[in-house]
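Here's the structure we're looking at; comments come further down.
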Amino acid sequence: MDDSVIQVQNFRKTYGDFVAVDDIGFNVKQGEIFGLLGPNGAGKTTTLESLEGLRIPDGGSLQIMGVDPTRESSKLRNMIGVQLQTSGLPESIRVDEAMKFFCAYHEVAPQYDLLNRLGLGDRMRAQYYQLSTGQKRRLALALAIAHNPPVLILDEPTAGLDVPSRVELHKIIRELKGSGTTILIATHDMAEAEEMTDRVAILLRGEIVTIGTPLEITATGAELTKVSVRTANSCLSNAEASFPGVNQQSPKEEYVIFFSENIGPTVSAIIAYIEARGDTIIDLRVERPSLEDRFLEITDRGNV
């Protein structure tokens, strides 16, 4: 039996002549954290909003726990928790009032402890317009999870959050996953996706170009090893020398980044080059390509 909680099949959405999402499909299992990745305009938000019942598909089908978001929106109310990119809260509503209102809508007791956990305990009586961007994001997250929904949909949840709030959010997401909550997340933060998700789908121009675990996706790339080098006198910055096995290289802040097909000869040649010029290595890192590296490879080439 298919244990998918979220099912998207042949989903298509257009705006006039513009095709926002073109015949995509994916399933999300119970207790899974599934990420939608892609550049701006790839179709991530359109997909989430259609699953939330905010937009009507032009083709295909979408279901959450067997419920059609478009035709059965009333059944969906307590099944999902949603954190949108932008909030529609009134400017004058207080933080504690927002929590009380949302919990009343979902017929649960106000969860003021979530406000404390997300650093809003001292802003309970502050009006929405008085909150910073980060505080508004934290309030939206608290409201999304206050009724303990079986499915949680997050659109760029950590945008604008400081590090402590982001760490706390990730902790809450892991706790929710551990209790069986299914989580669909759209994010531009590749490190977050690599750390938090079980599987991801990368969208490009409204189509899914690859889908799998972060490890599976990074393993199907060009299979190049990333070498990051920083030296005291930056002798590599203007180096015209070529190094064996290097497929491409580029500067990044105080580092020079090399992508090698044959790591042993590459590193040996780079070290010899630095020593020959009387320079000193401050930092040298050898690592497999990250999900961000693979994402950039896919989006730069426009295909897999």
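We did not get these values from a lab; they are worked out from the coordinates using the rules stated. Values in this document were obtained by computation on a predicted structure and should not be read as measured data. A quick note on method: Cβ atoms are made from the backbone with ideal geometry, for glycine too, and the neighbour counts reach across all protein chains shown.
Quick notes on this structure:
- Dividing the convex hull volume of the alpha carbon atoms of the chain by its residue count gives 166 Å³ per residue.
- Maximal additional length on extending the ARG277-GLN30 stretch stands at 83.2 nm, based on 0.36 nm per residue less the C-alpha distance.
- One equal scatterer on each Cα of segment 225-288, no solvent, Debye formula: the resulting log10 I(q)/I(0) at q = 0.13, 0.16 Å⁻¹ is -0.27, -0.42.
- Within the shell defined by Cβ-Cβ distances under 9 Å, the residues around ALA186 carry a net charge of -1, with Lys and Arg each +1 and Asp and Glu each -1.
- Net charge contributed by nearby residues that have their C-beta within less than 12 Å of GLN127 (K/R +1, D/E -1): +1
- Spin-label model, SER250/THR14: points 7 Å from Cα along the beta carbon direction are separated by 3.5 nm.
- Extension gain for the segment ILE257 to VAL163, taken as residue separation times 0.36 nm less the Cα-Cα distance, is 31.2 nm to one decimal.
- The orientation-averaged projected area of the convex hull spanned by the Cα atoms of segment 181-304 comes to 8.7 nm².
- As a rough guide to protection, the peptides 80-92, 136-148 ranked by mean Cβ packing within 10 Å, highest first, stand as 136-148, 80-92.
- 0 to 90° range, to nearest 10: angle between helix 291-301 axis and the chain longest Cα axis: 80 degrees
- Cα centroid of segment 23-55 to Cα centroid of segment 177-193, whole Å: 12 Å
- Per-residue ellipticity at 222 nm, computed for the chain from helices alone with -39500 (n - 2.57) per DSSP H run of at least four residues, works out to -9000 deg cm²/dmol.
- Segment 156-304, relative contact order [Cα under 8 Å, separation at least 6], %: 24 percent
- Too-long pairs where the Cα-Cα distance tops 24 Å, listed order kept, from LYS177/LYS226; LYS44/LYS100; LYS29/LYS226; LYS75/LYS100; LYS75/LYS177: LYS177/LYS226; LYS44/LYS100; LYS29/LYS226
- Spin-label zone in segment 237-252 - amide nitrogen under 20 Å from a point set 7 Å from the Cα of GLU297 along the C-beta vector: 243-252
- Net +/- balance of residues flanking ASP22 in space, Cβ distance below 12 Å, scoring K and R +1, D and E -1: 0
- For the chain, a crude dipole built from +1 on the beta carbon of Lys and Arg and -1 on the beta carbon of Asp and Glu, taken about the Cα centre, is about 740 debye to the nearest 20.
- Extension gain (nm, one decimal) between GLU195 and SER268, 0.36 nm per residue minus Cα-Cα: 23.1 nm
- With the cut-off at under 20 Å, measuring from each backbone N in segment 75-116 to a point 7 Å along the Cα-to-Cβ line of TYR129 picks out 86-99.
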